[in-house]
1. Could you pull out the residue among ALA182, ALA173, ALA117 that is under 30 Å from LYS70 (Cβ atoms) and not assigned by TED's automatic domain parsing to the domain that holds SER218?
2. Given the residues ALA198, ALA162, ALA145, ALA182, which is the only one that is among the aliphatic types (A, V, I, L, M), at pLDDT below 95 and either touching a Cys at 6+ places or on another chain (Cβ under 9 Å) or within 22 Å of THR251 (Cβ to Cβ) (or both)?
3. Does MET234 meet the test of being out of contact with any helix residue (DSSP H, G or I) (no Cβ under 8 Å at 6 or more places or on another chain), more than 15 Å from VAL116 (Cα to Cα), surrounded by 15 or more Cβ atoms within 10 Å (Cβ to Cβ) and assigned by TED's automatic domain parsing to the domain that holds ALA83?
4. Evaluate region 102-114: report whether one residue or more is small (Gly, Ala, Ser) and either buried (at least 19 other Cβ atoms within 10 Å of the Cβ) or closer than 20 Å to SER29 by Cβ (or both).
5. Please determine whether any residue of region 20-35 is among the small types (Gly, Ala, Ser) and modelled with pLDDT of 95 or more.
6. Among (1) under 19 Å from the mean Cα position of the chain (by Cα); (2) free of Cβ contacts under 8 Å to residues at least 60 places away in the same chain; (3) surrounded by fewer than 22 Cβ atoms within 10 Å (Cβ to Cβ), there is one condition ALA79 misses while meeting the rest; what is its number?
7. Please determine whether any residue of region 231-253 is touching a His at 6+ places or on another chain (Cβ under 9 Å) and either not in a strand (DSSP E or B) or not basic (Lys, Arg) (or both).
8. Looking only at region 131-179, count every residue that is out of contact with any strand residue (DSSP E or B) (no Cβ under 8 Å at 6 or more places or on another chain), under 12 Å from ALA189 (Cβ atoms) and in contact (Cβ under 8 Å) with a residue 60 or more places away in the chain and tell me the total.
Amino acid sequence: MRILQLLPAWLLLCASVSADAQPGSAQVSEVRLLAGAVPYYCQAERDRPPSGLACDVLVEMAHRAGHSGKLEMYPLPRALVIAAATPDVLLAPVARIPAREATYDWQIPILEDELVAVTRQDSTADISSPDKLQQLSVGVVRYSASAITARERGWQHVEMVASEVINARKLRAGHIDVWISAWNAIRAAQQQAGLPLADLRRGAVLGRVQIYLVSSRSMPAARLALWKRAFESMRRDGTYQRILNKYRYETPM
């Protein structure tokens, strides 16, 4: 009789454990959503939520994918390290370049930009081609696509900084000859530094880059499918285009 009394409780316990193990249950932790701090794409001001083209896309995708929308903001170098070393992480914006290809799974191309060289309008520096940059002092953000490009080209006078706004100010002060980054990021950083865009002169285009939402390696396909469907629905109903228009996205020339 004692065994019969205990049996229903034992069955209930087994059912509870089984339910907790189901992928769709409330016990399954949600994807960790990261944003790398890059002007124009993702940026945070004091006492305000993160904003920028990529951040707006991420938050809207999260809403449609049933995610809480909690967005963790880090300097881009740190965000890249976290996504490479931690499971179940989504991160944007990440420029797709060969040096990063094997580190992440490349899920959703958000937009395309181009790496360009800029200098001051009053500068006599020749930045018309990549070869002309060899002897100039070049400003890049560490671990960025620009920094990797500079290293691969063997440039000797490269100065690494933590943010694009610092490069804008260094160029203005004459501490570097040329600044290399994605064009839309340059536009935003120049504005954040309180400097006119008209003060800049564009030079060589070092290549086009696609800006991606990436995941840590081997994230389950079922989880990723929700985010891909969310992005496609944004494209279909015009939300994605409205975000591009909001930030005055300039397509590569």
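1. Values: ALA173 fails: under 30 Å from LYS70 (Cβ atoms); ALA117 fails: under 30 Å from LYS70 (Cβ atoms).
Result: ALA182 is the single residue among ALA182, ALA173, ALA117 that is under 30 Å from LYS70 (Cβ atoms) and not assigned by TED's automatic domain parsing to the domain that holds SER218.
2. Working: ALA198 fails: at pLDDT below 95; ALA162 fails: either touching a Cys at 6+ places or on another chain (Cβ under 9 Å) or within 22 Å of THR251 (Cβ to Cβ) (or both); ALA182 fails: at pLDDT below 95.
Residue meeting the stated conditions: ALA145.
3. Values: out of contact with any helix residue (DSSP H, G or I) (no Cβ under 8 Å at 6 or more places or on another chain): no; more than 15 Å from VAL116 (Cα to Cα): yes; surrounded by 15 or more Cβ atoms within 10 Å (Cβ to Cβ): yes; assigned by TED's automatic domain parsing to the domain that holds ALA83: yes.
Against the criterion (out of contact with any helix residue (DSSP H, G or I) (no Cβ under 8 Å at 6 or more places or on another chain), more than 15 Å from VAL116 (Cα to Cα), surrounded by 15 or more Cβ atoms within 10 Å (Cβ to Cβ) and assigned by TED's automatic domain parsing to the domain that holds ALA83), MET234 does not qualify.
4. Taking region 102-114 and keeping what is small (Gly, Ala, Ser), we get 102.
From what's left, either buried (at least 19 other Cβ atoms within 10 Å of the Cβ) or closer than 20 Å to SER29 by Cβ (or both): none.
Checked against the condition, which is being small (Gly, Ala, Ser) and either buried (at least 19 other Cβ atoms within 10 Å of the Cβ) or closer than 20 Å to SER29 by Cβ (or both), region 102-114 yields no hits at all.
5. Taking region 20-35 as the starting set, the residues that turn out to be among the small types (Gly, Ala, Ser) are 21, 24-26, 29, 35.
Then drop every residue that is not modelled with pLDDT of 95 or more, which leaves 35.
Looking for residues that are among the small types (Gly, Ala, Ser) and modelled with pLDDT of 95 or more, one finds at least one in region 20-35, hence yes.
6. Unmet condition: (3).
7. no
8. 1
The values are calculated or read from the model by the stated rules, or taken from the named source; none is laboratory data. As the structure is a computational prediction, the values presented were derived from the model and not from experiment. Please note: Cβ atoms are built from the backbone with ideal geometry, for glycine as well, and neighbour counts cover all protein chains shown.
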